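Below is one structure, written out as structure tokens; the observations come after it.
What follows is calculated from the coordinates using simple rules that are stated; it is not laboratory data. Quick caveat: nothing in here was measured; it's all calculated off a predicted structure. Cβ: placed from backbone, ideal geometry, glycine included. Neighbour counts: every protein chain shown.
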Amino acid sequence: MNTGTLKFAANLSMLYGHLPLLQRPAAAAAAGFEAAEIWWPFDSPVPSDRDVDALAAALGEAGLQLVAMNFIEGDMRAGDRGLLSVPGRADQFHDSIATAVAFADRTGCRVLNALYGNRQPGADHGAQDELALENLVAAARAAHQVGASVVLETISRQEAPDYPLSNADATVAMADRVNEASGLSNTGFLCDLYHHGRNGEDIPALLQRHEKRIAHFQIADTPGRGCPGSGVLDYPDFFARIDASGYDGWIGLEYEPTRDAAVDFDWLPSLPARA
């Protein structure tokens with residue numbers, strides 16, 4: 001699969017989630033990756049200095065650049081899709097902001113992903129949106145201090161039917177609302193092609209429509225959420241369009257691995273280990 005000049009980063013939480021956290025950077029580096037992204041890697045919104053230092057050291061020793069990281073998002077495997085709009089839990093997101101921004105500053109990470117959170121039974125949706133806006137403005141202002149961007153992500157209706165940012169237009173509209181409220185321009189769109197493909201959205205059209213708002217990409221194929229080429233999405237076309245757009249950021253590989261390098265990475269000729 002021809003990937004042009006695009007740059008790919010390993011998602012340490014999915015590709016290497018079977019390993020202990022501190023072993024994941026070395027494993028990604030051994031596979032040929034130079035960059036990585038990660039979900040919230042700590043056990044609490046305010047982890048110990050020891051845990052933060054250990055992860056920073058593991059990334060540094062592996063020579064791996066952290067390019068994107070989630071704010072605290074809850075238990076993703078159990079169905080949480082963010083906390084920032086969830087009454088009674090949004091304070092965990094707010095408490096995680098300082099840690100996330102400090103870790104981004106320390107590691108040179110410049111993309112911080114803020115998952116919006118599901119609609120809650122019995123909660124007022126307008127109140128959830130106002131809570132979300134308050135927390136996102138706080139995150140954007142903190143990220144701005146270290147030159148980082150906050151990104152918002154669509155999650156497919158099939159995977160999270162109660163997640164309100166269920167398509168590209170809704171996600172970009174919320175990012176624009178945060179920029180207006182914060183007085184900044186550092187909140188953008190994380191375009192996860194897996195979720196947009198799973199939704200049945202017109203991906204070439206949304207790439208063109210939101211080209212200037214995309215701050216980060218993630219990829220997986222559908223169905224199955226495997227590597228590109230394992231499903232029905234036209235990744236050769238998508239990659240050609242992204243390459244032609246002049247996008248110079250990273251593309252996170254957020255797919256379910258088989259743990260067989262011949263399956264998971266041989267589609268990707270840009271990795272040194274595959275050259």
**Prompt:** Just how large is the dipole of the chain about the Cα centre, in debye to the nearest 20, putting +1 at every Lys and Arg Cβ and -1 at every Asp and Glu Cβ?
**Reply:** 280 debye
**Request:** Give a residue-ordered list of calculated ³J(HN,Hα) values for the stretch 199-204 (Karplus: 6.51 cos²θ - 1.76 cosθ + 1.60, θ = phi - 60°; whole Hz; x for Gly, Pro).
**Result:** 6, x, 5, 7, 5, x
**Prompt:** For the chain, what is the Kirkwood estimate of the hydrodynamic radius, computed as the reciprocal of the mean inverse distance between distinct Cα atoms, to one decimal in Å?
**Reply:** 18.7 Å
**Message:** Suppose R0 equals 41 Å. What FRET efficiency, 1/(1 + (r/R0)^6) with r the Cβ-Cβ distance, do residue 65 and residue 209 give to the nearest 0.05?
**Reply:** 0.85
**Item:** Stretch gain in nm, segment residue 46-residue 202, where the contour uses 0.36 nm per residue and the Cα spacing is subtracted
**Value:** 52.2 nm
**Message:** Can you compute the FRET efficiency between residue 138 and residue 237 using 1/(1 + (r/R0)^6), with r the Cβ-Cβ distance and R0 = 41 Å? Round to the nearest 0.05.
**Reply:** 0.60
**Item:** About the Cα centre, charge dipole magnitude for the stretch 167-252 (Lys/Arg +1, Asp/Glu -1 at Cβ), debye
**Value:** 160 debye
**Prompt:** Over the C-alpha atoms of the stretch 27-71, what are the Rg and the largest Cα-to-Cα span, Dmax, in Å?
**Reply:** 11.0, 32
**Asked** Simple spin-label model, 7 Å along Cα-to-Cβ: residue 78 to residue 169 in nm?
**Response** 3.6 nm
**Message:** Binning at 10 angstrom from zero up to the longest distance, how are the C-alpha pair distances of the stretch 145-275 distributed in percent?
**Reply:** 12, 41, 33, 13, 2
**Request:** Search the structure for amide H atoms under 5 Å from the amide H of residue 7, placed 1.01 Å from N in the peptide plane, and list their residues when 5 or more places away or on another chain.
**Result:** 251
**Message:** Charges at C-beta only: +1 for Lys and Arg, -1 for Asp and Glu. How large is the resulting dipole of the stretch 65-127 about its Cα centre, in Debye rounded to 20?
**Reply:** 180 debye
**Complete:** Per its Cα gyration tensor (rounded if a/c is under 1.5, else prolate when a/b beats b/c, else oblate), the stretch 1-132 is best filed as prolate
**Asked** Got a sec? Charge dipole of the chain, +1 on Cβ for Lys and Arg, -1 for Asp and Glu; which of 164, 86, 179 is way out at the positive end?
**Response** 179
**Theoretical ellipticity at 222 nm over the chain - DSSP helices of four or more residues, -39500 (n - 2.57) apiece, nearest 500** = -11500 deg cm²/dmol
